[in-house]
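Since every read-out is calculated from the coordinates, none of them should be taken as a lab result. Everything numeric in this text was worked out from a predicted model, so none of it was measured. Cβ sites come from the backbone with ideal geometry, for glycine too, and all protein chains shown count toward neighbours.
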Amino acid sequence: MNRLFLALCCLTLAFVACDRDNKPDIHWGTSGPNQPSQPVPTPDPAPQPTPGKMSAADRRAAARIEMPQLTGAAAERFLVHRVAPAHTGADSILNYAVDYDVTLFHSRWVAFRFDVETRPKKVGRKPYSQKPQYPADPLLARAEALPSDLSFNGYDHGHLVASADRLFSREANDQTFYA
């Protein structure tokens, strides 16, 4: 009984401690002489991402329940990467979607499908010798994207979506290399 009580106390303390660290902009009600009072953030209940720049298909993709909510910020770009359908006359396949912040040159989140249509391995990974290895994302304006094949100063580039999970088509795999 004592072990269970101790475990619950430790778990509660861990959640409280982690919550404050992960949300530094939230006013926790502890303002003092050295801490200015901060306003309580209020989320926009219906953000309008990149007004006028989204196609009808992208608006439908953004409204899907499994997509995180968009912020509606001016620096936000909602990018939807699609590939050609496997069957003639079918809709394009949503490869992945990205919420990209142009001020940080970084994604906020990435969502992708992994189902019976996107799981098969029909092609190999992109050869390392193929250049540019990390092309700029064609859905971003040149000023909003990192240059192609940026040196990354010794760091690995990585992928927004795992290359090995996008082997159902050459086009889908190539999109995972966008910088």
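Numbers below:
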item	result
Inter-probe distance in nm under a simple model that places probes 7 Å from Cα toward Cβ, at residue 71 and residue 106	1.1
Whole-Hz couplings from phi, Karplus 6.51/-1.76/1.60, listed for the range 101-110; x for Gly and Pro	9, 6, 6, 9, 6, 8, 7, 7, 7, 9
Peptides 102-109, 85-92 ordered by average Cβ neighbours within 10 Å, highest first	102-109, 85-92
For residue 93, net neighbour charge (Lys/Arg +1, Asp/Glu -1) across residues whose Cβ lies under 9 Å away	0
Cβ crowding within 10 Å averaged over residues, with 132-138, 54-60, 165-171 ranked highest first	165-171, 132-138, 54-60
